[in-house]
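J.: Can you keep this structure in mind? I'll have questions shortly.
The values are calculated or read from the model by the stated rules, or taken from the named source; none is laboratory data. Because the structure is a prediction, the values reported are computed rather than measured. In this analysis, Cβ positions are derived from the backbone assuming ideal geometry, glycine residues included, and neighbour counts consider all displayed protein chains.
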Amino acid sequence: MGNRDGSSSTFHQSRLVELFARRAGDRNVVCPQDAMRSAVSRLRRRFRHTGGLDERMRFYLNNRRVISARIVEELGADAALEPIGSRYVDGFNVLLARQVGHTRLRFTLAHEICHTFFYEFVPEIKFTPHGIDDMEERLCNFGAAELLMPATAVQRIATSRPVCMQTLCELAEEFSVSVIAMFLRLRSLRLWDCVFSEWQRMVNGTFVLSNLYGGKRRPWVWEDPSILDHAWQSYKPSFGTTVLHYRSEEGARYFFPARFQAQRLGNRVCALWGKKLQSPAYSSPLFRKDPLTAQVR
């Protein structure tokens, strides 16, 4: 079942993941992430055509014996992989939830493709009744990011561009993934070290944090609320320095001075924010590669 997180966190191995790492990786590979990276790299190398992204995805699906993809109602997740028979060679169907948007579709399909590796290399577990393995899910997210956003390609392009919303949107379009998937990939490759947040506009005109990526979720509030309102009204990116703050359950107030860029994307305002020092790796002065740590006052 697919999500968009392409992070590369450490995995605590289940029996399924342990066997996958032992069988799917190259010689002497025992790390699950390295095993998934090897499996994905082999698949990517098999595509020897010059076609576009759609042709490449069709090749990946065919090569991994995905026979069909169809939309179903009330799936309960973005997608699910359905084995056709009791062996890997019998193939699979992909079930897609109707609400999966175009920008999420490619990552969702790539996630399900990565599930086929587990059916191929650990059939004694995958083709018997079993529950959802969280470690497998995270590995499939990791593999989907590797498949759609190869590290070398992302590094080559991203390192020559400033850290800003325009770059993020351009990269997402170039790799045909969602803005969030692209941001998480940049974070996992340690190319960007900032926070991406989404703010929902309420009926009374105020904004509430709906999602935050790249840092711990806190009830952050902008010191200057007009920043989000200006971004909402203008549709143009706004730059500057501000302070975000929140109050803990114990009553302590935390403040974070940040350099930011905010822009309206559809029905939300998105903001990149982080330390206000310049990183020597980029031409933009927006962010510095420092961990996001709030200061208590």
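J.: Which pairs have Cβ atoms under 6 Å, sit 6 or more apart or on different chains, and link a residue in the stretch 127-138 that is surrounded by fewer than 16 Cβ atoms within 10 Å (Cβ to Cβ) to one that is part of a loop (DSSP other than H, G, I, E, B) and at pLDDT 90 or above?
T.: Hits for this filter: Phe127/Ser86.
J.: Run down Thr108, Thr103, Thr152 and say which single residue is of a type in the set (S, T, N, Q) and without any contact (Cβ under 8 Å) to a residue 60 or more places away in the chain.
T.: Result: Thr152 is the single residue among Thr108, Thr103, Thr152 that is of a type in the set (S, T, N, Q) and without any contact (Cβ under 8 Å) to a residue 60 or more places away in the chain.
J.: Filtering the stretch 116-152 down to residues that are assigned to a helix (DSSP H, G or I) and among the small types (Gly, Ala, Ser), which residue is farthest from Pro32 (Cα to Cα)?
T.: If we take residues in the stretch 116-152 being assigned to a helix (DSSP H, G or I) and among the small types (Gly, Ala, Ser), then Ala151 is farthest from Pro32 (Cα to Cα).
J.: Can you tell me how many residues in the stretch 190-208 are hydrophobic (A, V, I, L, M, F, W, C) and surrounded by fewer than 17 Cβ atoms within 10 Å (Cβ to Cβ)?
T.: Total satisfying the criteria: 3.
J.: Could you tell me whether any residue of the stretch 134-155 is in contact with a strand residue (DSSP E or B) (Cβ under 8 Å, 6 or more places away or on another chain) and modelled with pLDDT under 95?
T.: Checking the stretch 134-155: not a single residue is in contact with a strand residue (DSSP E or B) (Cβ under 8 Å, 6 or more places away or on another chain) and modelled with pLDDT under 95.
J.: Looking at the stretch 79-97, can you tell me whether even one residue there is among the β-branched types (Val, Ile, Thr), surrounded by 13 or more Cβ atoms within 10 Å (Cβ to Cβ) and free of Cβ contacts under 8 Å to residues at least 60 places away in the same chain?
T.: yes
J.: Among the residues of the stretch 98-113, count how many are polar (S, T, N, Q), farther than 19 Å from Asp133 by Cα and buried (at least 16 other Cβ atoms within 10 Å of the Cβ).
T.: Residues that pass the stated criteria total 1.
J.: Just to be sure, is Tyr88 among the aromatic types (Phe, Trp, Tyr), in the same structural domain as Phe118 (by TED's automatic domain parsing), at pLDDT 95 or above and within 15 Å of Cys140 (Cα to Cα)?
T.: no
J.: Scanning the stretch 77-111 for residues that are in a loop (DSSP other than H, G, I, E, B) and within 25 Å of Leu53 (Cα to Cα), which turns out farthest from the chain's Cα centre (by Cα)?
T.: Out of the qualifying residues, it is Gly91.
J.: Sort through Val66, Val40, Val72 and tell me the only one that's among the β-branched types (Val, Ile, Thr), in the same structural domain as Asp134 (by TED's automatic domain parsing), in contact with an Asp or Glu (Cβ under 6 Å, 6 or more places away or on another chain) and modelled with pLDDT of 80 or more.
T.: Val40
J.: To continue, here is another question. For the stretch 198-227, how many residues meet the condition of being more than 24 Å from the chain's Cα centre (by Cα) and aliphatic (A, V, I, L, M)?
T.: 4
J.: Here is a follow-up. Would you call Gln263 in contact with a helix residue (DSSP H, G or I) (Cβ under 8 Å, 6 or more places away or on another chain), at pLDDT 90 or above and not in a helix (DSSP H, G or I)?
T.: Yes.
Okay, residues lined up against (1) surrounded by fewer than 20 Cβ atoms within 10 Å (Cβ to Cβ); (2) not in a loop (DSSP other than H, G, I, E, B):
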| site | (1), (2) |
| --- | --- |
| Leu19 | yes, yes |
| Arg27 | yes, no |
| Asp34 | yes, yes |
| Ala39 | no, yes |
| Arg44 | yes, yes |
| Gly51 | yes, no |
| Arg56 | yes, yes |
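J.: Based on what the data block shows, is Glu74 over 23 Å from Ala172 (Cβ atoms) and part of a loop (DSSP other than H, G, I, E, B)?
T.: Here the answer is yes, as Glu74 does meet what is asked.
J.: Here's something else I'd like to know. Quick check on my filter: what residues within the stretch 199-245 are among the hydroxyl-bearing types (Ser, Thr, Tyr) and touching a residue at least 40 places away in the same chain (Cβ under 8 Å)?
T.: Ser210, the sole residue that qualifies.
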